[in-house]
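Here's the structure, in structure tokens; my notes come after.
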Amino acid sequence: MKRRRLGSSGITVSEICMGTMTFGSQCDERLSFRIMDRAREAGIDFFDAAEMYPVPPTAETFGRTEEILGRWMKTVPRESVIIATKITGPAHGWFVPPVRHGHSALDRVQIVRAVEASLKRLQTDYIDLYQTHWPDHGMRYEDVLEPLTKLVQQGRIRAIGCSNETCWGLMKSLAAAEKFGLTRYDSVQNNFSLINRRCESELAQVCRRENISLLPFSPLGGGVLTGKYQDAEPAGARFTEYRRSGDRQRRLADRFLNDRTRETVRRLKTIADDLGVTLTALSLAWSRQHDFVASTIVGATSVEQLEESLAADELILDPATLKRIDEIDEAIPCPMKEDGLRRL
């Protein structure tokens, strides 16, 4: 599997990243180990977690994913894998996470404590990429970057990144890093897929000109781009369950799953059929071919699901195919509803 540099750091990562947010909920530890073993066997060396995982987050399951990942890491040489994890964002925004008694923040005390707790759960003495799960735009960015910089200097973190960040926030962070001599973010992990192409405009320009790597999450649109929601909402599927959950989960399901996304998928299926590939392979290959993308994050609840994603590794979409995909986007622009970044 090909590798790409992460921003301007010394870290290179596989073009496909193994997301772990189902480990500890939809996947028990044995199945999680099988998925990670298969991923590593296929050449994936990049694994993304978060202190808040698995999802949906609860006080009872908080940290469980990192614990599973940490036990699996004991079965492989530590330096053979690149481990990314995240500190939960502030609790006074769009979501109050079940972390630190509902008072999560991105200040020095909580960043240091979160890193120490993640290191313990992961059973390692350093984290390759440490990310803020979502930003606090009311804070001074230097107050977030300063403790992260010290952790880099101490060797407990190799590189830092952000997630669910706006173009404004990313540029603000870079300006603060330059002004105060602090470590810069090398990556941004945002929602990016064939039903949410917003990153191709302003964020892509920031990434290219500032040498920041995009790490797309939900490249399959939460499973919508596999086609499994086309005819019905299958039992046990994420958005099927979200429809039965709280108001936040229902709104999230509506963002991904609506008449416009279904029509987009229907048209993409024609292209995939013409190429003789699955919708999954088409979607992941499209993500991987962007020059500002370092690694595309895939999830799985079975080894079989992972195999479908691995089929995209060698698939290259020619200019004619890319043009057909763009024509769908022109006909149905932004089929996925507002991604929430404007409210941060």
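The values are calculated or read from the model by the stated rules, or taken from the named source; none is laboratory data. As the structure is a prediction and not an experimental result, all values here were calculated from the model. Neighbour counts are summed over all protein chains in view; Cβ atoms, including those assigned to glycine, are modelled from backbone coordinates with ideal geometry.
For residues that are free of Cβ contacts under 8 Å to residues at least 40 places away in the same chain and more than 27 Å from I212 (Cβ to Cβ), scanning just segment 282-313, find the one that is surrounded by the most Cβ atoms within 10 Å (Cβ to Cβ).
Q305
Any residue at all in segment 120-139 that's touching a helix residue (DSSP H, G or I) at 6+ places or on another chain (Cβ under 9 Å), under 21 Å from P57 (Cα atoms) and without any contact (Cβ under 8 Å) to a residue 40 or more places away in the chain?
Yes, some residue in segment 120-139 is touching a helix residue (DSSP H, G or I) at 6+ places or on another chain (Cβ under 9 Å), under 21 Å from P57 (Cα atoms) and without any contact (Cβ under 8 Å) to a residue 40 or more places away in the chain.
Which residues, taken from segment 21-66, are in contact with a Pro (Cβ under 8 Å, 6 or more places away or on another chain), part of a loop (DSSP other than H, G, I, E, B) and among the β-branched types (V, I, T)?
T22, T58, T61
Do you know which of the residues in segment 92-115 that are part of a loop (DSSP other than H, G, I, E, B) and modelled with pLDDT of 95 or more is farthest from T132 (Cα to Cα)?
H103
Taking E116 and the conditions (1) closer than 12 Å to I83 by Cα; (2) among the acidic types (D, E); (3) free of Cβ contacts under 8 Å to residues at least 60 places away in the same chain, which numbered condition does it fall short on, given that it satisfies the others?
Of the numbered conditions (1) closer than 12 Å to I83 by Cα; (2) among the acidic types (D, E); (3) free of Cβ contacts under 8 Å to residues at least 60 places away in the same chain, the odd one out for E116 is (1).
Restrict the check to segment 66-74 and report whether at least one residue is closer than 30 Å to H137 by Cβ, crowded, with 21+ Cβ neighbours inside 10 Å and not hydrophobic (A, V, I, L, M, F, W, C).
yes
So how many residues does segment 107-142 have that are under 16 Å from I157 (Cβ atoms), in contact with an Asp or Glu (Cβ under 8 Å, 6 or more places away or on another chain) and surrounded by fewer than 18 Cβ atoms within 10 Å (Cβ to Cβ)?
Residues flagged as under 16 Å from I157 (Cβ atoms), in contact with an Asp or Glu (Cβ under 8 Å, 6 or more places away or on another chain) and surrounded by fewer than 18 Cβ atoms within 10 Å (Cβ to Cβ) within segment 107-142 amount to 2.
Could you check, for segment 257-279, whether at least one of its residues is of a type outside the set (V, I, T), modelled with pLDDT of 95 or more, surrounded by 15 or more Cβ atoms within 10 Å (Cβ to Cβ) and closer than 30 Å to E210 by Cβ?
Scanning segment 257-279 turns up no residue that is of a type outside the set (V, I, T), modelled with pLDDT of 95 or more, surrounded by 15 or more Cβ atoms within 10 Å (Cβ to Cβ) and closer than 30 Å to E210 by Cβ.
Tally the residues that are more than 16 Å from the chain's Cα centre (by Cα) and closer than 22 Å to S80 by Cβ, restricting the search to segment 28-57.
Summing the residues that are more than 16 Å from the chain's Cα centre (by Cα) and closer than 22 Å to S80 by Cβ in segment 28-57 gives 15.
Among the residues of segment 1-31, how many are β-branched (V, I, T) and within 23 Å of A281 (Cβ to Cβ)?
Counting residues in segment 1-31 that are β-branched (V, I, T) and within 23 Å of A281 (Cβ to Cβ) gives 4.
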